[in-house]
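See structure below.
The values are calculated or read from the model by the stated rules, or taken from the named source; none is laboratory data. These numbers were taken from a predicted model, which means no experiment stands behind them. Cβ coordinates were reconstructed from backbone atoms using ideal geometry, including for glycine residues, and neighbour counts include every protein chain displayed. These area figures cover heavy atoms from the full protein model, side chains too; ligands, DNA and RNA do not enter into them. Shrake-Rupley method; radii C 1.70, N 1.55, O 1.52, S 1.80 Å.
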Amino acid sequence: TEMKNFNVKPLGVVISGLVMAAGTQSALAQEANKKSTDADQVEEVVVTGFAASIATAIDIKRNADTVVEAISAEDIGGLPDKSIADSLSRLPGITVTRKGGQAGTIQIRGMGEGYVFSTMNGREQVSPSGARAMEFSQFPSELINSVEVYKSPKASLIEGGVAGTVELKTVNPLDIKEDLKFTVGLRGTYNDQASDLYDAEPVGHRISFSYQQKLLDDTLGFSLGYAQLKEPKSQLQFEMFDYDFPIPGTDTWTSRGFKAVQDSGESKRDGYIAAIQFNPTDELKFEADAFYSKFRTQSNGRGIWADSIQSAERSAVTYYNNFVETGANISNATANGTFGVRTIIDNRDNTSKLLSGGAKVEWVHDDLSVSLDVSHSDASGFELNGNGIANQFKSVPVSASAPSGLLI
């Protein structure tokens, strides 16, 4: 058998490569068309829950014409936080000030809460504290649909804050997909430390209800909402004072005393919201909304406070581990010296109320628009702080002595 050798020409190699590439692309195209045909069989992909809230917040930031941070809830009651203040604490550039464990006012990019401006549905809000700083703990997260924080000025904002503007938005009844929507939320809390404290409740709850409906061929819509927070307070504090008193003639330093206090109480907030929308034509729109919140925090502190005499002479001193003084006879105290165990009573009651509402009529025809917006915001606050200290041992006079065995 005679074998023949064929010379491979450069041009032939190029042509062969092009033919093979064309065949490969044709096969890939057929495969892609097949996958596309399979994908076309899927009618709709609906994203719900927390993922939908994140996607909506991203769209708000992407489409905004200024620097803005956003929080969005797909449904009313969709945010997991106790208040909008807790939701705001997760946004970049925002820090929250807490009082009694509750998140309240915020700072934007390091500027104080007095430079933060607050609105709801485009209307200015006043604070129950009597200052410019808004207490965002007044707003239940279950009743707020979205929050936008503007870090730079915008012409459509009312005045605007130096640090930024926080715009709260409630749900629009005509924006829901269903004709009727009813939502119920129930969350519970349990504090196992409450059993160690006197008169402390271990169980708390958060409940919420919302009702939304569209009527008259989607031209009329209204919504109602209610949210309640009941959070027991249980706190135990033990504080050893500074070891800043040296025993004369020794290298031993003693503490000035100690303080042990237990704090029990309750925080309760009730929030209500109502809104109505009526769009009889494409050119005429009417909307009105109202919000009310009452937040009461009660705190009952009880404890003891033991003080030592830094300027007194000691005798019959006992120590623990040759370092900490646990008992002594106290004498020759100066007039500035104090001695004894005090009973501490610290009762606080703080109640804040916020009422906000408004109505808007808007007429739009081609490039011409006319609107009338009337709003009202009213807030009040009441704070009672009762402190009581009962001395069980009075100040030690000069050349007097105190019983041995007092814990310092």
When every residue in region 355-385 that is of a type in the set (A, V, I, L, M) and touching a Lys or Arg at 6+ places or on another chain (Cβ under 8 Å) is compared, the one modelled with the lowest pLDDT is Leu384
Based on this model, can you work out whether Tyr226 counts as open to solvent by 60 Å² or more (accessible area, probe 1.4 Å) and over 30 Å from His365 (Cβ atoms)?
no
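Test of understanding: among Ser208, Ser264, Ser195, Ser255, which residue is surrounded by fewer than 17 Cβ atoms within 10 Å (Cβ to Cβ) and of a type outside the set (A, V, I, L, M)?
On the way: Ser208 fails: surrounded by fewer than 17 Cβ atoms within 10 Å (Cβ to Cβ); Ser264 fails: surrounded by fewer than 17 Cβ atoms within 10 Å (Cβ to Cβ); Ser255 fails: surrounded by fewer than 17 Cβ atoms within 10 Å (Cβ to Cβ).
Being surrounded by fewer than 17 Cβ atoms within 10 Å (Cβ to Cβ) and of a type outside the set (A, V, I, L, M) holds for just one of Ser208, Ser264, Ser195, Ser255, which is Ser195.
Can you name the residue in region 229-245 that is in a strand (DSSP E or B) and more than 30 Å from Thr189 (Cβ to Cβ) and is also most open to solvent (accessible area, probe 1.4 Å) among such residues?
Within region 229-245, the first condition is being in a strand (DSSP E or B), and the residues that meet it are 229-240, 245.
Then keep just the ones that are more than 30 Å from Thr189 (Cβ to Cβ); that gives 240, 245.
Details: Met240: 79, Phe245: 21 Å².
Ranking the candidates gives Met240 first.
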All conditions in (1) more than 19 Å from Asp86 (Cα to Cα); (2) modelled with pLDDT of 85 or more; (3) among the polar types (S, T, N, Q); (4) within 25 Å of the chain's Cα centre (by Cα) are true of Gln212 except (4)
Contact list, first residue from region 160-185 and among the hydrophobic types (A, V, I, L, M, F, W, C), second anywhere and surrounded by fewer than 18 Cβ atoms within 10 Å (Cβ to Cβ), beta-carbon distance below 6 Å, six or more apart or interchain, is Val162/Tyr115; Ala163/Met111; Ala163/Tyr115; Leu180/Gln213; Phe182/Tyr211; Val184/Phe209
Condition set β-branched (Val, Ile, Thr) and under 23 Å from the mean Cα position of the chain (by Cα), scope region 160-184, selection most open to solvent (accessible area, probe 1.4 Å): answer is Val162
Per the list (1) in a strand (DSSP E or B); (2) buried (at least 17 other Cβ atoms within 10 Å of the Cβ), residue check on Arg187 breaks on (2)
Selection status of Asn121, surrounded by 19 or more Cβ atoms within 10 Å (Cβ to Cβ) and more than 30 Å from Ile345 (Cβ to Cβ)
yes
Filtering region 105-116 for residues that are buried (at least 21 other Cβ atoms within 10 Å of the Cβ) and not acidic (Asp, Glu) leaves a count of 4
- Query: Mind checking whether some residue in region 145-158 is out of contact with any Ser or Thr (no Cβ under 7 Å at 6 or more places or on another chain), under 28 Å from Ser371 (Cα atoms), among the hydroxyl-bearing types (Ser, Thr, Tyr) and modelled with pLDDT under 85?
  - Reply: yes
Could you say whether any residue in region 290-310 is modelled with pLDDT of 70 or more, of a type in the set (Ser, Thr, Tyr), open to solvent by 60 Å² or more (accessible area, probe 1.4 Å) and in a strand (DSSP E or B)? yes
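Residue by residue, here is whether (1) closer than 21 Å to Gln228 by Cα; (2) at pLDDT 85 or above; (3) within 8 Å of the chain's Cα centre (by Cα) holds:
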residue	(1), (2), (3)
Gly78	yes, no, no
Ser83	yes, yes, yes
Asp86	yes, yes, yes
Leu91	no, yes, no
Ile94	no, yes, no
Thr97	no, yes, no
Gly100	yes, no, no
Glu113	no, yes, no
Pairing a residue in region 96-108 that is over 17 Å from Asp81 (Cα atoms) with any residue that is part of a loop (DSSP other than H, G, I, E, B) and at pLDDT 80 or above, where Cβ atoms lie under 9 Å and the two sit 6 or more apart in sequence or on different chains, gives Gln107/Ala163; Ile108/Gly93; Ile108/Lys151; Ile108/Ala163
